[in-house]
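What follows is a short report on a single structure.
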Amino acid sequence: MYDFLIVGAGFAGSVMAERLASQYNKKILIVEKRNHVGGNAYDEYDEHGILIHKYGPHIFHTNSKDVFEYLSRFTEWRFYEHKVLANYQGELFPIPINRITINKFFGVNLIDDEEVKNFLSTKAEKRFPILNSEDIIINQVGTELFDAFFKNYTKKQWNLYPNELSPSVCGRIPVRLNDDCRYFTDKYQFMPEEGYTKMFQKMLSHKNIEKALNTDYKKILDTTKFDKIIYTGPIDAFFDYQFGELPYRSIKFEWEHLNIERKQKAASINYVDNAEPFTRVTEYKYLTGQKTLKTTISYEYPQLKGEPYYPVPTDENRASYLKYRLKAEQEKNVFFCGRLAEYQYYNMDQVVANCLYFLKSKADTI
Ligand code: FAD
Ligand code: UDP
């Protein structure tokens with residue numbers, strides 16, 4: 001008899017399991033259909049001994065002290081600030097767009113924030129209200145930079161143009177007036193010293209937590225006794241797609257191993273025009289700090305079908321999701337959390353923060 005059946009051993013499932021076991025003395029069965037814990041943040045050594053992220057590059061960044069301190073119980077950290085370059089017509093530019101990007105793209109020589117601000121004000125087109133991902137970028141930088149750096153990359157990634165997506169999608173990427181080339185500016189930017197998988201294994205190594213890998217929870221529902229469910233898989237699957245399938249964007253990863261010390265000029269290169277069918281290429285040694293004479297890179301090819309990786313933030317999909325959420329709210333003993341179960345484009349730290357908040361707010365009823 002378990003207090004909780006937890007479906008999925010990614011960030012959402014693992015934080016819930018760890019807290020419920022260690023703080024509330026609950027007995028947990030955590031069920032994962034893959035053959036490993038960690039969800040999409042899972043990492044492993046490839047056949048050449050390079051630490052890779054099987055489901056694409058995962059960079060930990062947060063402004064939340066609580067989240068950082070919580071995860072620090074399970075891992076040491078390695079300081080790491082991610083950098084991305086955009087490949088546009090064979091030339092490399094810093095992304096997010098900053099002063100260096102603008103000087104190179106327009107062949108100008110703006111020397112400070114003020115000059116960049118004035119220059120962009122001659123390019124930006126006022127959009128009000130901001131209704132979609134095209135509006136939010138063009139409102140800041142105008143059509144030339146938008147067309148070069150956002151329009152085609154977004155179409156490749158989502159099979160939708162920015163004007164079909166919520167402002168929150170391209171709005172993830174700031175526009176900078178200075179020459180800061182970091183992808184993120186969060187207060188805490190670190191990678192788990194020994195990788196994510198090690199961190200998850202530590203989180204889940206509690207006497208009250210039992211793990212069942214390679215197991216779809218639906219297969220064990222009839223034979224397992226438990227009080228409550230925490231569900232972190234896709235919400236439409238939980239309800240047997242009764243309102244239709246929610247779109248999730250998938251990715252096919254292609255791997256290349258090279259007998260050279262370093263391949264790229266930055267950890268990730270975004271291929272922002274249509275010359276290549278892939279979106280980005282990532283060299284994992286930058287992220288992990290591994291010292292070897294060889295290197296492994298991944299190419300990302302977005303797909304319609306396959307493992308669900310990204311909820312697709314459009315108004316229509318939000319409306320479909322809300323039908324499922326209404327059903328979810330009627331379930332007394334099932335709690336839905338995480339990126340797939342809440343159909344939200346969450347980063348890892350947001351998932352952790354939500355789980356910690358959820359447990360605090362329900363402390364008296366758990
Ligand atoms: P998941 O990690 O998806 O875990 C859900 C788990 O449930 C999965 O392991 C799945 O196998 C399991 N499951 C589903 N259905 C069942 C079932 N029926 N039975 C049993 N198990 C089931 N975030 C960042 O902060 N920084 C980044 O740099 C970053 N990069 C990303 C890059 C890519 C390519 C992707 C796809 C995501 C990235 N993210 C990043 C987001 C990050 O992956 C998520 O925020 C986080 O992993 C979500 O955790 P989760 O537990 O909600 O979901
Ligand atoms: N984006 C873009 N060009 C870029 C980087 C990002 O058009 O060079 C857009 C694209 O729509 C992408 C979104 O901004 O999906 C969010 O980018 P982010 O790097 O946060 O995506 P993720 O790491 O989640 O795949």
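Summary table
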| quantity | calculated |
| --- | --- |
| Accessible area expressed per residue, region 106-155, with surrounding protein chains retained (probe 1.4 Å, Å²) | 53 |
| In region 1-51, the GluC sites (Glu not before Pro) that fall in loop regions by DSSP, at most 16 other Cβ within 10 Å | E47 |
| Kirkwood hydrodynamic radius of the chain, from inverse mean 1/r over distinct Cα pairs, in Å | 22.0 |
| Degrees separating the helix 315-330 axis from the principal Cα axis of the chain, which is the longest one | 20 |
| Helix 11-24 axis, angle to the chain major axis (alpha carbon atoms, nearest 10°) | 40 |
| Structure-based [θ]222 nm, the chain - -39500 (n - 2.57) summed over DSSP H runs of at least 4, per residue, nearest 500 | -8500 deg cm²/dmol |
| Cα gyration tensor shape of region 83-162, rounded if a/c is under 1.5, else prolate or oblate by comparing a/b with b/c | oblate |
| Highest-MSF residue in the chain out of G244, G142, G38 [GNM, Cα springs under 10 Å] | G244 |
| Gain upon complete extension [Y345, Q264; 0.36 nm per residue less C-alpha separation] | 26.4 nm |
| Formal net charge of residues neighbouring K291 (Cβ-Cβ distance under 13 Å; K, R +1; D, E -1) | +3 |
| GNM flexibility winner over the chain from A237, A12, A341 (Cα, springs under 10 Å) | A237 |
| Accessible-area order (highest first, 1.4 angstrom probe) of the listed residues C181, C170 | C181, C170 |
| Surface share of carbon and sulfur [accessible, 1.4 angstrom probe, percent] for region 92-222 | 49 |
| Farthest positive-ward along the chain dipole, Cα basis, beta-carbon charges - from F106, C181, P308 | P308 |
| Accessible area per residue, Å², region 247-366 with all protein chains present, probe 1.4 Å | 51 |
| Distance between region 287-366 and region 193-271 - C-alpha centres, whole angstrom | 10 |
| Shape call, region 164-295: gyration tensor on alpha carbons, a/c limit 1.5 | prolate |
| Choice from L340, L326, L177 showing the highest fluctuation, given a GNM over the chain with Cα pairs closer than 10 Å | L326 |
| Qualifying GluC sites (Glu not before Pro) for region 93-186 [loop in DSSP, other Cβ within 10 Å: at most 14] | E125 |
| Carbon plus sulfur fraction of accessible area for region 224-365, probe 1.4 Å, in percent | 49 |
| Accessible area (Å², 1.4 Å probe, nearest 10) - F253 | 40 |
| Residues of region 17-87: accessible area per residue with a 1.4 Å probe, Å² | 42 |
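The values are calculated or read from the model by the stated rules, or taken from the named source; none is laboratory data. Computed from a prediction, not measured in an experiment: that's the story for all the values here. Cβ atoms come from the backbone with ideal geometry, glycine included; neighbour counts cover every protein chain shown. For the accessible areas, the whole protein counts, side chains as well, though only heavy atoms, and no ligand, DNA or RNA atoms are used. Shrake-Rupley method; radii C 1.70, N 1.55, O 1.52, S 1.80 Å.
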